[in-house]
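Since every read-out is calculated from the coordinates, none of them should be taken as a lab result. Note that the structure is predicted; figures quoted are calculated from it, not measured. Cβ placement follows ideal geometry from the backbone for every residue including glycine, while neighbour counts extend to all protein chains displayed.
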Amino acid sequence: MTDFPGSKMSSKSEHHSIERYKSKKSGSGTIVSAMLLDLGFTLGSDARIVDLDDDRIIQDQLKIQTIHKSPPILGLLCGDFEAAENLVELLKSKANNASIEELVQCGKSFLEQHRSRHAFTTYMCYVKERVPNGYIFYFVPYFNHVNKCEEDYTCKCPMVGIRHGARELEHGSIYNDGSGASDAQEHLSMSFFDGKMVQHVDAADDYQIANIKKKLKISLIQARMITRLAMIHSCLKDNNCGAPFRVCSVSVDGAIEKEGPYGFVKTYLDYFQFLEAHDRTTLFLIYRQTLEGSNFGGFVVENIGLPVKKKGHRVALLEGDFCLHRVIFKEAKDVNAFFDDGEAVTECPPFSTDKSHLKTYKLDTREVKKNKDNEIILGLKTAKFSEQEVAMFQDFETIYMGKPTKDFLKSLKEEVTLFDEESP
Ligand SMILES: [Zn+2]
């Protein structure tokens, strides 16, 4: 199977999204990566989409799509997903009978007519005469923010202009886009240290490492490995990016290699030796997905009241509607103290194959459910919950904990979103 399917999702994971977000697609938050190397090009993407209005993670989406099968033209979607997907659908519908130049024109006309307060970019990559090539289509509105407002999406400040257009990608370059782009670029600059780091603030706001020379001839397998490692690094730093990850490459002969979707846990285990430097201060929390709210699970961490350095965020979905959340503590001893204080688990929960790696903690949510007037609180500190969600809270929620050991990670059952024709 060399084809990236359309966006129709298989039913396997559908029940995991909260009902009211089921049809919603207009979200942003991404890390995408494209490398144009000597032996071909590679693309990588996470799957996370964050609601543009209330900072919630909505269902995963397919951000690498096939625009044309043979010769292969692949699309990489970033930012406002609905708009990026509309553009890709248009390119797909024209690709059979159009040259690359005509597709670029077609994309440009789409951008001219598009109106929105939300930015997006779409990459279109292909091989031309055995040289990897591509274009970035970009749509970036800009605003006249008043009173130090720096919001771009939720504020009502006047929009004063739009930058849009298409720019050709450069061979020997790596591109990163999305909210995790600067983290990915920083990470990749260690591997491609001789390249020049650029951010195209005058146009698409994308990050480029240009003119790499020393590793331009690396194998595509190696390039895909480096890409996935950069993506998990971004995912660990940025709430808006997250697993599962997909990577693929197209060789100068037109051969497509596709990998993934890889869940967070699988990726963490694959790169364990590179990630374990952080492990001493890391603790994983596992809680019911309902508790995540609009601050990526920060609500749970706040209410435990511990000396954390970074509240972290949900990094994976686990079986039984649970999610895995990574927290960074200030000191390693605090991780051990908190973990050792927890209660042992007597019955194996649905997301685990080995309860011996787990401890539990009880989170008191009685105050959350009712204020002094006995009214349901819908916005609590930084997190917002719907009335329906609050009604689903239990008085004492069980929060599970696990230390980042290989055995703990191997005992977890992760849910990975699959699209038609995909297998994990
Ligand atoms: Zn504003």
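Here are the numbers for this structure:
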{"quantity": "Per-residue HN-Hα couplings for the range 116-122 [Karplus 6.51, -1.76, 1.60; θ = phi - 60°; Hz; x = Gly/Pro]", "calculated": "5, 8, 10, 7, 8, 9, 9"}
{"quantity": "Inter-part distance where the range 123-138 and the range 175-207 are each reduced to a Cα centre, Å", "calculated": "18"}
{"quantity": "Relative packing of 340-353, 102-115, 178-191, which averages over residues the other C-beta atoms within 10 Å, highest first", "calculated": "178-191, 102-115, 340-353"}
{"quantity": "Other-chain or far-sequence residues with amide H under 5 Å of G312's (modelled H)", "calculated": "I328"}
{"quantity": "Cα-based Rg and Dmax for the range 18-262, where Dmax is the largest Cα-Cα distance (Å)", "calculated": "17.1, 54"}
{"quantity": "Positive dipole terminus of the range 131-266, leading residue within F193, A255, P141 (C-beta point charges)", "calculated": "A255"}
{"quantity": "Nearest 10 degrees, 0 to 90: helix 81-94 Cα axis against the chain principal axis", "calculated": "30"}
{"quantity": "Computed Rg/Rh of the chain, alpha carbon atoms with Kirkwood Rh", "calculated": "0.98"}
{"quantity": "Members of K25/K355; K258/K406; K333/K406; K217/K413 lying beyond 29 Å, as alpha-carbon distances in this model show", "calculated": "K25/K355; K217/K413"}
{"quantity": "Cα-based reach from K92 at 17 Å (exclusive), listing aspartates and glutamates while leaving out same-chain residues under 8 positions away", "calculated": "D3, E82, E101, E102"}
{"quantity": "Helix-only mean residue ellipticity at 222 nm for the chain, each DSSP H run of n ≥ 4 adding -39500 (n - 2.57), per residue, nearest 500", "calculated": "-6500 deg cm²/dmol"}
{"quantity": "Computed magnitude of the charge dipole of the range 277-415 (debye, nearest 20; Cβ of K, R +1, Cβ of D, E -1)", "calculated": "540"}
{"quantity": "Estimated FRET transfer efficiency when R0 is 35 angstrom, pair C155-K310 (beta carbons, to 0.05)", "calculated": "0.85"}
{"quantity": "Extended-chain gain in nm, criterion 0.36 nm per residue less alpha-carbon gap, T382 and D38", "calculated": "119.1 nm"}
{"quantity": "Estimated dipole of the chain in Debye, rounded to 20 [Cβ of Lys and Arg +1, of Asp and Glu -1, Cα centre]", "calculated": "520"}
{"quantity": "The range 277-415, Cα convex hull volume normalised per residue, Å³", "calculated": "107"}
{"quantity": "Taking the chain and dividing mean pair separation by its residue count, relative contact order in percent (alpha carbons under 8 Å, at least six apart)", "calculated": "17"}
